[in-house]
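The values are calculated or read from the model by the stated rules, or taken from the named source; none is laboratory data. The structure presented is a predicted model; accordingly, all values stated were derived computationally and were not measured. Virtual Cβ from ideal backbone geometry, glycine too; neighbours counted across all protein chains shown. Calculation scope for accessible area: heavy atoms of the full protein, side chains included, ligands and nucleic acids excluded. Shrake-Rupley method; radii C 1.70, N 1.55, O 1.52, S 1.80 Å.
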Amino acid sequence: MPLSCANPNCHPEDNECQDGCRPFGACPQLTRDQDTAEAGRAEPSATELDGQRVSWTGSAMGQKDLEPLIARSRVLLIGLAGMENAGKTTFLALLYSLLRRGQPIPNYRFAGSYTLPGWELLAGFLTFKDGSNLVSFPPHTSRNAGRVPGLLHLALKDEAGALLDVVFADAPGEWFNEWRINELAKNAEGAAWIHQHGDGFLLFADCEELAGAEAGETRANIQMVANRLVVNLGARPLGLVWAKSDVENTRPAMREKIRAHLRSKAPQHYHEFAVSVNHDEEQQWHGQVLQAVGWLLDTLRHTPGRPQPPVPLADTDDLFLLRRSVLA
Ligand SMILES: Nc1nc2c(ncn2[C@@H]2O[C@H](COP(=O)(O)OP(=O)(O)OP(=O)(O)O)[C@@H](O)[C@H]2O)c(=O)[nH]1
Ligand SMILES: [Mg+2]
């Protein structure tokens with residue numbers, strides 16, 4: 001059942017209460033609407049409803065939590081796009097695991113994060129536990145994550161020491177699945193939000209699926225998501241990530257078709273990266289995780305933005321502008 005609130009600044013779909021009610025579900029202003037169109041949507045779990053996604057918990061952020069960051073600097077939002085199981089969340093877990101081991105994003109130094117527990121939660125799955133040599137993968141990203149995706153923050157410093165706030169949007173693949181078919185679909189709002197607000201994008205192509213029996217369908221789906229992403233892309237960079245690159249490329253034609261399709265769309269800033277959780281000295285799959293982020297940041301920072309509007313010359317008859325000279 002969808003949630004609504006009398007407070008226009010409150011977005012209960014994000015599982016947060018702007019009045020700070022704990023637990024979130026106990027807020028007296030919160031109402032649950034009976035809506036048949038939404039009836040199929042699963043109820044958020046008790047923990048999701050408990051207002052956990054606020055910045056000071058260190059968990060993944062929601063939209064409201066971005067406000068203090070935006071006040072500090074221009075925040076770069078990187079959207080991870082792709083179908084279910086494509087490897088988006090694992091990419092983020094790998095990124096953080098590499099940073100934690102001291103491997104830098106080229107040209108950028110780690111300078112902090114407001115969402116360390118959120119990162120640790122993901123990276124923990126790829127980490128050896130005491131007494132066990134088994135690692136696993138982060139769980140499937142739930143579609144009940146809210147109206148906007150889980151946002152993970154990194155503060156970075158460039159070589160000149162300038163601070164840069166970067167936020168990664170990790171959305172469920174189901175959102176993109178709906179969005180590729182219907183950009184206005186109710187359950188695709190989060191994907192549309194990423195597309196509208198993202199400064200740069202990584203589109204994930206699942207190499208395991210592209211080598212399997214459903215390769216044709218997988219290729220078509222990736223191309224459909226790409227078609228949506230390139231709309232109004234402008235100068236925003238788009239990286240294509242060949243995820244799970246450790247899987248043998250038994251159908252190279254599939255990858256070629258995706259490549260050709262993307263190039264035919266002529267994004268202004270386009271690059272490909274091959275990544276995997278497996279370490280390979282020659283293929284540098286881990287290094288390419290860091291390079292993908294470095295490339296997005298470099299491209300964003302060196303692409304000239306919109307020119308500033310010209311400042312009209314002061315009209316000497318304007319009393320307000322004359323005030324200084326009056327006081328002098
Ligand atoms: N062989 C191989 N498998 C991987 C790799 N990365 C991820 N996988 C597998 O792919 C599955 C899905 O990865 P996720 O990172 O959860 O994919 P996702 O895109 O976040 O999926 P959703 O949350 O459903 O949108 C994992 O559970 C692993 O089984 C990789 O580098 N190599
Ligand atoms: Mg995921």
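Tabulated data for the structure shown
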quantity: ³J(HN,Hα), Karplus 6.51/-1.76/1.60, whole Hz, each residue of segment 219-233, x for Gly, Pro; calculated: 4, 4, 5, 4, 5, 5, 5, 4, 4, 5, 4, 6, 5, 6, 5
quantity: Candidate residues Tyr270, Tyr114: accessible-area rank, largest first, probe 1.4 Å; calculated: Tyr114, Tyr270
quantity: Label point distance in nm, Asn107-Phe137, each placed 7 Å from Cα along Cα→Cβ; calculated: 3.2 nm
quantity: Integer Hz, Karplus 6.51/-1.76/1.60 couplings in order for segment 97-112, x for Gly and Pro; calculated: 4, 5, 4, 5, 8, x, 8, x, 6, x, 6, 9, 10, 5, 10, x
quantity: Amide H contacts under 5 Å for Gly150, placed H, 5+ residues apart; calculated: Asp170
quantity: Percent antiparallel among DSSP beta bridges (both partners in segment 56-302, rounded to 5); calculated: 40 percent
quantity: Solvent-accessible area, 1.4 Å probe, carbon plus sulfur percent, for segment 143-218; calculated: 44 percent
quantity: Local electrostatic count at Asn85 - Lys and Arg +1, Asp and Glu -1, tallied over other residues with Cβ under 12 Å; calculated: -4
quantity: 5 angstrom amide H check on Leu240, placed H, neighbours 5+ away; calculated: Leu203, His271, Glu272, Phe273
quantity: GluC sites (Glu not before Pro) within segment 204-276: DSSP coil, no more than 13 neighbouring Cβ in 10 Å; calculated: Glu214, Glu248
quantity: Segment 56-302, accessible area per residue, ligands and nucleic acids excluded (1.4 Å, Å²); calculated: 45 Å²
quantity: Förster radius 22 Å - calculated FRET efficiency between His302 and Arg72, Cβ distance, rounded to 0.05; calculated: 0.50
quantity: Fraction of accessible area attributable to carbon and sulfur, segment 222-302 (%, probe 1.4 Å); calculated: 47 percent
quantity: Net charge contributed by nearby residues that have their C-beta within less than 12 Å of Val230 (K/R +1, D/E -1); calculated: +4
